[in-house]
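Let me begin by presenting the structure, written as structure tokens, before commenting on it.
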Amino acid sequence: MSLQSCAPGSTVGFPIKLNQSLFAAWPGASTDTETALKPLIQENELSVSWGPVQKGAQIVASVGPSSFTVSGINVAADGTTLSLGTANYRCSEVISVAKIQHGSFCTDKNALYEFIQAFQIQNKGSNPSSPDIILLTRPLVFNDTENAFWTAIDTSALKKGEPQRVDFDLKSLYAYSTGDLLPTVSYRTCLPVQLLNYNGETATGSIKIQVNVVMAPIYVKASSSGLATCRNVSTYSLVTTPKRPADCFPDATSKTIFQFSIALNKYPSDGKNNFRFLMPNSTLADLATTTQKVMIEVPKPFLSKSIATISKAVAPPLQSTVEGFTSPSPTKNYKCYRIDPTRDVKDGQIMVDPTTGESLTKVMDEKNAGQDPAITAALMGQAQQPSGLLPGDIEFILSIIATVIGSIVLLAYGGYIVNILFIRKDLNTAFYHILIFTVALFCLTVFAIFFGKK
């Protein structure tokens, strides 16, 4: 927050625009892209204390003419705090989905959409130079990949905002299992602001924003009338619920009107809040200028990795497994192994155990990653495997217990019917109990089929 204008020479507007992919070869550049971007790699400066998994979150997708927002994650969001140095930020309870805002930072050209979540500073007074808002954002690719959270969003949008129940882990959107943020491209920008009814007058100022864009997209399934309706949202509007953007300014009250500028030195004249970001008036057209505006933030084990590895650090396609065979030669036995040159060759040396074919790079990366399986999998180009109880596991276990108990009860009841039928020879009573037994057996069978599936 500042009642001063954006500093001369600072980046103004959102999102930052490049005229091509950050990772592609830049025409006219004096160095190759890998060499130019390598000095930009630094260890994550953001740390996040993630909230708990929200059991049974009631996910609501709200679709408007120029907005697509997701709510119902208040428990997970309220328990999450982001830190940048000594500055602490509160997590918004709303996620926005729109057309891709940072396509230049994603290596998958099929990423046409993006979701964004805001974090608003809570202790600006003791951290005056820190950003007022931090945005975490990640590209979306629509395909046939099932994802419980995004399926709930899709269904809610289809059903006009009807809540959909699902377990929600906010960490899974942006981080590894340890809580470390996924590799991101970050930049800072400034947005001019006008405040109406601020200390009894109209004031102009600015808000400083840091944006961290996760490079690897999330792949989800979306129906054309559900989640895919976010295609109608071309620009992002700031949402910091339960806080207000005006709360970045210490003297703002409930009557203060907050307006982002709509052009250079121009603000809305309707006296209403305007949370839509100002678009930048220029595009970064060369590599040298771009490298002055962005940074690449990664977990510590990625610091020595190539840009190609970092940009695809989450669940890339699995590599072929090592294959070996024994030569039929009567005098010598040879073992041949298939290697991945991008992973198993370092400084001209082949990093493969000659006796087993196991990648030695894997052993070294596991050591550097502190044995974290999520980061190790990403370093090895493998899909991250879930651990612990997954959503539905408890229900599955309870269904088995209920089925076993029901079966025991039915067996006992069957014995009782046999006693009536063959010992007491009471056919009328036996017929009545056989009917009940048949209905109960049918119900138990249906329960076992539909509720016992994992």
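Put simply, of Ile16, Ile59 the only residue that is crowded, with 16+ Cβ neighbours inside 10 Å and in a loop (DSSP other than H, G, I, E, B) is Ile16. Of the residues making up region 408-442, those that are within 55 Å of the chain's Cα centre (by Cα), of a type in the set (Gly, Ala, Ser) and either surrounded by fewer than 13 Cβ atoms within 10 Å (Cβ to Cβ) or on the phi > 0 side of the Ramachandran plot (or both) number 1. Looking at region 271-288, I want the residues that are assigned by the TED database to the domain that holds Leu37 and under 12 Å from Pro15 (Cα atoms) and have a partner that is aliphatic (A, V, I, L, M) and surrounded by 15 or more Cβ atoms within 10 Å (Cβ to Cβ) with Cβ atoms under 6 Å, at least 6 apart or on another chain. Which pairs are those? The qualifying pairs are Leu278/Leu191; Leu284/Leu18. Listed by position, the strands (runs of 3 or more DSSP E) enclosed by region 206-324 that each have at least 3 residues that are under 18 Å from Pro139 (Cβ atoms) are 218-220, 294-298.
Residues in region 269-289 that are touching a Ser or Thr at 6+ places or on another chain (Cβ under 9 Å) and not aromatic (Phe, Trp, Tyr): 8 in all. Considered as a group, the residues in region 122-139 that are outside any loop (DSSP other than H, G, I, E, B) and over 22 Å from Tyr236 (Cα atoms) include one that is modelled with the highest pLDDT, and that residue is Ser126. Scanning region 140-162 for residues that are over 17 Å from Val233 (Cα atoms) and in a helix (DSSP H, G or I) turns up Ala148, Phe149, Trp150, Thr151, Ala152, Thr155, Ser156. For region 91-99, indicate whether the set of residues that are over 20 Å from Ala222 (Cα atoms), in the same structural domain as Gln117 (by the TED database) and not small (Gly, Ala, Ser) is non-empty. Yes, that holds for at least one residue. On the stretch given as region 139-158, residues that are within 16 Å of Phe68 (Cα to Cα) and either of a type in the set (Asp, Glu) or surrounded by fewer than 16 Cβ atoms within 10 Å (Cβ to Cβ) (or both) total 1.
Looking across region 79-92, the residues that are surrounded by fewer than 21 Cβ atoms within 10 Å (Cβ to Cβ) and either part of a loop (DSSP other than H, G, I, E, B) or on the phi > 0 side of the Ramachandran plot (or both) come down to Gly79, Gly85, Thr86. Here Gln122 fulfils each of the conditions (1) in contact (Cβ under 8 Å) with a residue 24 or more places away in the chain; (2) touching a helix residue (DSSP H, G or I) at 6+ places or on another chain (Cβ under 8 Å) apart from (2). Just one residue in the set Ser5, Ser47 is surrounded by 15 or more Cβ atoms within 10 Å (Cβ to Cβ) and farther than 20 Å from Thr291 by Cβ; that residue is Ser5. One residue alone among Asn212, Asn273, Asn199 is surrounded by fewer than 20 Cβ atoms within 10 Å (Cβ to Cβ) and modelled with pLDDT of 95 or more, and that residue is Asn273.
Touching a strand residue (DSSP E or B) at 6+ places or on another chain (Cβ under 9 Å), in the same structural domain as Ile209 (by the TED database), assigned to a loop (DSSP other than H, G, I, E, B) and not basic (Lys, Arg): is that true of Gly51 in this structure? Criteria met by Gly51.
The values are calculated or read from the model by the stated rules, or taken from the named source; none is laboratory data. These numbers were taken from a predicted model, which means no experiment stands behind them. Every residue, glycine among them, receives a Cβ derived from its backbone with ideal geometry; neighbour counts consider all protein chains shown.
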